[in-house]
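Novice: After the structure tokens below, expect a handful of questions from me.
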Amino acid sequence: MTGQHEIPKKPILELKNISAGYADYPVLHQVNLQIFGSEVVCVLGPSGCGKSTLLKIAGSFLAPKAGSVVFQGKMVTNPDHHRLMVFQNQNQLLPWMTLEQNIRFALKHGPLKSHPSSWRERIAKSLQEVGLQNAAKLYPHQLSGGMAQRGALARAFGCQPALLLMDEPFGSVDAPTRSELQHLLLDLIANHHTATLFVTHDLEEALLLGHRILVLNSRGFITLDSRSTKPGHPSAVRQAMEHPDLRANRYDRP
Amino acid sequence: MKKAGIDPKILGVVLVLLILPAWEAIRIGGSISPLLMPPLVSIGSALLQGLIQGTLLVQIGLSLMYILTGAGIALVLAFFTLWISNLSPAVHHAVGILGALFHPLPGIVLLPIIILWAGIGPSAVLVVIVHSVFWPVLTNLQAGYRSIPETWRMTGQNYELAGWKFLVFIALPATFPYLLAGLRIAWARGWRALISAEMLFGAIAGAGGLGWYIHSRRVFMDSPGLFAGILVIMLIGSLVESMMFSLIERRTIQKWGMSL
Ligand SMILES: Nc1ncnc2c1ncn2[C@@H]1O[C@H](COP(=O)(O)OP(=O)(O)O)[C@@H](O)[C@H]1O
Ligand SMILES: [Mg+2]
């Protein structure tokens, strides 16, 4: 369904020659990356290689040591609600608010600051989309792991961001739930055409979701960018499966 | 779980029902002077009279006002200090060191110095309470602030909450369990320190409050009044501890699944 979708020429997000790290500890080196509207870019790589760091750079949560981040044509240095993070952590909904209040909070401080009249409708719609319309009044600690991730998706998609930054969002749920969530995400992305930078260490997940697959090696260099392939495209599958930086990952999986 | 199924409320009633006759039995059996152990009836009537005539009620109000004012000042100071210490690591460390030094110091120990600096009277009592409340609240707030999960911080940043908005909408609710824990300690310390300070200042300047009330009952050899005052101090102390704080916890952090 997303295969025939046309990808615009101008990138939504551009990372230009980014080097980044923590204190004296370098993580990313000369990373160049362009993400175009409504494309899903999956980032694969061994644990600790800097995938989360890449997302923090893309969301301006972390300032690069060198290089620049250009979002919708402008240099950016601070996080904003047009580039939303979704985490692996099932604690990401704020526990002192019900699910519904969490979404309202996001709309109120984010995209619908000056349109309180449209909050209610938007909340109902985004809960509907993830199938949680009956859980609106529950507190996050009352949700199962899978429901919590659905709730996080509802909060994020409810804000209709230009770019989603997802950090192994389905990494801590059981296999059947993961599969459900992956297909839910495919539907959401198809309906919203949201550009997505999706970090995972699961090759099959990347092949299922991604239009493009990036491989980050353990030294923080991008070593594969399977540009202009479609999801499930044989050459993308082959390229990724045969990529030396992913072999260990693939066969180590329990 | 089920076998130790004694309801603590029933146990409390039973305990009181045991203590009251025991008191009377010892008093009558040992023919102890009513000055040392007044009859329950006279303690009860002293309590009622104090409440009805207002002499005791006024002192209760005064003590509560002291502690609320002191706690309010201490809370504002603690939040301000937290904010300041977030601005610079040097301030943060300095505050940490001061906390380590002053936190363990009982408020009452400061009294001689406070008397020198602030004189005797209400302001000195307030200083003692502020000291007793400020440090436990501040150390707990700082611990809570440090333990805010990165996902909540980043969520706050994502919705462009910075400065005071971050403090109000993310940091305050996120540290609420710690704040409550700090307030519990602060209450226990503050209430004790307040009564002691009132007794001391009552002796010198008639500053008022429940401590002063007890002190004055002793001076007038009014034993029933003395015991009535002690009862009130016990009751308020445990009511706040076991009812007010428990109620707030049930309505907030327990409902949110955030208990520490
Ligand atoms: N806040 C931090 N301070 C110091 N080092 C960090 C911090 N966050 C991550 N690192 C280090 O940076 C490297 C990359 O981390 P990360 O981007 O989280 O990896 P990944 O998400 O690919 O597992 C790791 O070696 C990690 O230990
Ligand atoms: Mg990571």
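The values are calculated or read from the model by the stated rules, or taken from the named source; none is laboratory data. What you see is a predicted model, and the numbers here were worked out from it, not measured in a lab. Cβ atoms come from the backbone with ideal geometry, glycine included; neighbour counts cover every protein chain shown. Just the protein is used for accessible areas: all its heavy atoms, side chains included, with ligands, DNA and RNA removed. Shrake-Rupley method; radii C 1.70, N 1.55, O 1.52, S 1.80 Å.
Novice: Does A:Ser114 satisfy the condition of being modelled with pLDDT of 95 or more, surrounded by fewer than 21 Cβ atoms within 10 Å (Cβ to Cβ) and among the small types (Gly, Ala, Ser)?
Specialist: Against the criterion (modelled with pLDDT of 95 or more, surrounded by fewer than 21 Cβ atoms within 10 Å (Cβ to Cβ) and among the small types (Gly, Ala, Ser)), A:Ser114 does not qualify.
Novice: Could you please give the count of residues in segment B:95-125 that are open to solvent by 50 Å² or more (accessible area, probe 1.4 Å) and part of a helix (DSSP H, G or I)?
Specialist: 14
Novice: Given (1) within 14 Å of chain B (Cβ to nearest Cβ); (2) open to solvent by 60 Å² or more (accessible area, probe 1.4 Å); (3) not charged (D, E, K, R), identify the lone condition not met by A:Pro140.
Specialist: Of everything listed in (1) within 14 Å of chain B (Cβ to nearest Cβ); (2) open to solvent by 60 Å² or more (accessible area, probe 1.4 Å); (3) not charged (D, E, K, R), A:Pro140 misses just condition (2).
Novice: Something else: Which residues, taken from segment B:177-193, are within 18 Å of B:Val127 (Cβ to Cβ) and basic (Lys, Arg)?
Specialist: Within segment B:177-193, the subset within 18 Å of B:Val127 (Cβ to Cβ) is B:186-187, B:189-193.
Hits for segment B:177-193 are B:Arg189, B:Arg192.
Novice: Given the criteria open to solvent by 70 Å² or more (accessible area, probe 1.4 Å), more than 30 Å from A:Leu164 (Cβ to Cβ) and in a helix (DSSP H, G or I), does B:His131 qualify?
Specialist: Taking the combined requirement at face value, the residue does not satisfy it.
Novice: Here is a further query. (1) closer than 24 Å to A:Glu168 by Cβ; (2) not assigned by TED's automatic domain parsing to the domain that holds A:Asp24: which one isn't true of A:Ser60, the others all being true?
Specialist: (2)
Novice: Restrict the check to segment A:160-171 and report whether at least one residue is out of contact with any strand residue (DSSP E or B) (no Cβ under 7 Å at 6 or more places or on another chain) and at pLDDT below 95.
Specialist: Of all residues in segment A:160-171, those out of contact with any strand residue (DSSP E or B) (no Cβ under 7 Å at 6 or more places or on another chain) come to A:160, A:170-171.
Restricting the remaining residues to those that are at pLDDT below 95 gives A:171.
Taking every residue of segment A:160-171 in turn, at least one turns out to be out of contact with any strand residue (DSSP E or B) (no Cβ under 7 Å at 6 or more places or on another chain) and at pLDDT below 95.
Novice: Out of curiosity, is A:Ser52 within 13 Å of ligand 2 (Cβ to nearest atom) and either part of a helix (DSSP H, G or I) or modelled with pLDDT of 90 or more (or both)? If you could, list the steps in order and put the result at the bottom.
Specialist: Numbers: within 13 Å of ligand 2 (Cβ to nearest atom): yes; either part of a helix (DSSP H, G or I) or modelled with pLDDT of 90 or more (or both): yes.
Judged against the criteria, A:Ser52 is a match.
Novice: Tell me which residues, restricted to segment A:163-175, are open to solvent by 20 Å² or more (accessible area, probe 1.4 Å) and more than 16 Å from ligand 1 (Cβ to nearest atom).
Specialist: A:Asp174, A:Ala175 - these are the residues of segment A:163-175 that are open to solvent by 20 Å² or more (accessible area, probe 1.4 Å) and more than 16 Å from ligand 1 (Cβ to nearest atom).
Novice: A further question follows. Looking at A:Arg104, A:Arg155, A:Arg120, A:Arg178, which is the one that is surrounded by fewer than 21 Cβ atoms within 10 Å (Cβ to Cβ), within 14 Å of chain B (Cβ to nearest Cβ) and of a type outside the set (Asp, Glu)?
Specialist: After ruling out the rest, the residue left standing is A:Arg104.
Novice: Can you confirm whether A:Lys51 is among the charged types (D, E, K, R) and within 16 Å of ligand 1 (Cβ to nearest atom)?
Specialist: Yes, satisfied.
Novice: Here are the criteria: (1) within 14 Å of chain A (Cβ to nearest Cβ); (2) within 29 Å of A:Met166 (Cα to Cα); (3) not β-branched (Val, Ile, Thr). Tell me which single one B:Pro177 does not satisfy.
Specialist: That leaves (2) as the condition not met.
Novice: It is to be established whether one or more residues within segment A:198-215 are within 16 Å of ligand 1 (Cβ to nearest atom) and modelled with pLDDT of 95 or more.
Specialist: Within segment A:198-215, one or more residues are within 16 Å of ligand 1 (Cβ to nearest atom) and modelled with pLDDT of 95 or more.
Novice: Something else: Say whether the condition of being open to solvent by 10 Å² or more (accessible area, probe 1.4 Å) and within 14 Å of another protein chain (Cβ to nearest Cβ) is met by at least one residue in segment A:184-196.
Specialist: No - not one qualifying residue is present in segment A:184-196.
Novice: Run down B:Ala143, B:Ala171 and say which single residue is free of Cβ contacts under 8 Å to residues at least 60 places away in the same chain, in contact with a Phe, Trp or Tyr (Cβ under 7 Å, 6 or more places away or on another chain) and within 14 Å of chain A (Cβ to nearest Cβ).
Specialist: Numbers: B:Ala143 fails: within 14 Å of chain A (Cβ to nearest Cβ).
None of the other options fit; the residue is B:Ala171.
Novice: Follow-up. Restricting to segment A:58-87, give me the number of residues that are more than 9 Å from chain B (Cβ to nearest Cβ) and in a loop (DSSP other than H, G, I, E, B).
Specialist: So the count comes out to 9.
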